[in-house]
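One structure is given below, represented as structure tokens, and several questions about it will come after.
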Amino acid sequence: MVTSGPPRRAVLYGRVSKLPRAGKDDPAQHGRPDAKSVDHQLAELTAMANREGVQIVGTHRDDGISASRFAGSKPREGWHRVMAAVINGEADELWTWEISRATRDRPVWATLITACIAATAKITINGRVHDPTDADDGFMLDLQAALAVRESAVTSKRIQRGTAARAGAGLPHGKIPYGYRRIYDERTRALIHQEPDPETAPIVTELARRVLAGEALAALAGELNARRVLSPDTWRARRAGDSESSWVWRPDTVRKVILSPAAAGKRVHRGEVIDGVTAAWKPIIDDADHALLTARLTDPRRRTWVDGAAKHLLAGLAVCAECGAKMRRVKNRGCPSYACWGGKGTGCTARKQVWVDAFITDVIVARLERPDVLDVFRADDTDTAAAAQREVAVLRAQWDALMAAGERGPDAGGLSVAAVARLEPALLAKRADAERRAHPPTAPRFVADLAGPDARSRWEALTMPQRRQVIRTLCTVRIHRARRGVRTFDPNTVTVEWRTRRETP
């Protein structure tokens, strides 16, 4: 029915939280028989407005964006334009299919109502006009908004319960980790299981092995880019149907991939690995290697400088036995040598590089050929992982209690911020030590692969960073001052201190 007088100006808005999958009808995608796609919502609203003789001054939409406070921070550009039209007086009415399409968030609803009252604008829900300044209309609007908010909260609670239950059972949830793929039921689209992906799982395995062998993250990232290996970002873009605009690997990308708890078959819930829960998928990186990677890459003492471009076997690794300084590779009277640098006795020791390199190579290879080379990584009986794991559980509970006391504050029987700050460092240090003991080191795979009667040929096939990593893992090399006037190499001037299990990095 067309009314007389100036035409009513309306801005139309449509929204859905999830986009429909290809080959599926829209209602089935939203779990409700009355669900409508954005196209359907706007088409029906447009037809109603035309029948009423309403002038449409704007049509805006948000596809695949939630209006709940429990959703992420993805902006609703269409909704922002709707609010601008109302606030600027460009529209007399806001038309939407139902309140929940506009918002499921109390603060957003309050902002909308305030703007409509200030601009004397009305809200039309599925063709029925509501005046926010009218007592009955305002009550009905608020009631529908409250029901939409409640529905969102109930859904969130249900999802949280389901997520916690899946976490406790070790089942996958959330984004698919790089290196895996998920198998779904073709009819119901229900998740059947998660398994290593034939295309990307070998990349994870390769990166873990090469980082354990001492290769630098930056060097690995550069090589992966040169090989055009599928990066996590590009892999996810391909799965989402987006164009592959980047193949970029970065050092932090390599780090995240190999430190992912999921890659080691660990279930994470709310950012924490769940102790005692076995994941329902096969790990790509075994637990021992993952523990070594985590210890190495999260060690606060770890320097940002890396070995990736190292050219000399012992530069920066060998130590001066006289002053404790690191040995550098220098030209000593034109002869390549290792000399101490930076200690109180700077320049007190220098040995020819060719002699020391050959001697250490023979010592390391001989050690790798021995059948007991891996004994250094075996746990002893007095420091069991089980006892350390119980200690970790106690310390975590103490830390949680400390944080809770800090949140309560002294007025509620808790602790002040200063008290928490004073107690927290020591507690975290104890926890870190217990967590290290809870996962006693086992032989790194790259060392175990070298060990045996063919150790020399395998050693010769290693890159320089890999050889340095073997030395760093097995021992400390100390170079002593040679006797004055001696022009030949004395093996007693170079000592090798084999690491114990506790000292393995």
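Every residue in region 360-375 that is farther than 18 Å from THR495 by Cα and basic (Lys, Arg), please.
Scanning region 360-375 gives a single hit, ARG370.
Right, here's the next one. Just checking, how many residues over region 312-344 are closer than 25 Å to TRP459 by Cα and out of contact with any strand residue (DSSP E or B) (no Cβ under 8 Å at 6 or more places or on another chain)?
1
I've got another one for you. Restricting the search to region 40-64, which residues are polar (S, T, N, Q) and either in contact with a Ser or Thr (Cβ under 7 Å, 6 or more places away or on another chain) or touching a residue at least 12 places away in the same chain (Cβ under 8 Å) (or both)?
Matches in region 40-64: GLN41, THR46, GLN55, THR59.
For GLU93, only one of the following conditions fails: (1) more than 25 Å from ALA153 (Cα to Cα); (2) touching a Gly at 6+ places or on another chain (Cβ under 8 Å). What is its number?
Condition (2) is where GLU93 drops out.
If GLY347 satisfies every condition in (1) among the small types (Gly, Ala, Ser); (2) surrounded by 13 or more Cβ atoms within 10 Å (Cβ to Cβ); (3) modelled with pLDDT of 80 or more; (4) on the phi > 0 side of the Ramachandran plot but one, which is the exception?
(3)
Just a yes or no: is a residue in region 144-157 under 17 Å from GLN41 (Cβ atoms), among the β-branched types (Val, Ile, Thr) and out of contact with any strand residue (DSSP E or B) (no Cβ under 6 Å at 6 or more places or on another chain)?
no
Taking only pairs six or more apart or across chains, which ones have beta-carbon atoms under 7 Å, a first residue in region 439-452 that is within 19 Å of ILE284 (Cα to Cα), and a second residue that is at pLDDT below 65 and assigned to a loop (DSSP other than H, G, I, E, B)?
Filtered contacts from region 439-452: PRO441/THR504.
On the basis of being modelled with pLDDT under 80 and aliphatic (A, V, I, L, M), does LEU141 make the cut?
Here the answer is no, as LEU141 does not meet what is asked.
Considering only helices (runs of 4 or more DSSP H) fully contained in region 35-137, which possess at least 2 residues that are modelled with pLDDT under 95, buried (at least 20 other Cβ atoms within 10 Å of the Cβ) and over 34 Å from the mean Cα position of the chain (by Cα)?
Output list reads 38-52, 77-87, 106-118.
The values are calculated or read from the model by the stated rules, or taken from the named source; none is laboratory data. It should be emphasised that the depicted structure is a prediction, and the values quoted were computed from it without experimental measurement. Note: ideal-geometry Cβ built from the backbone for every residue, glycine included; neighbour counts use all protein chains shown.
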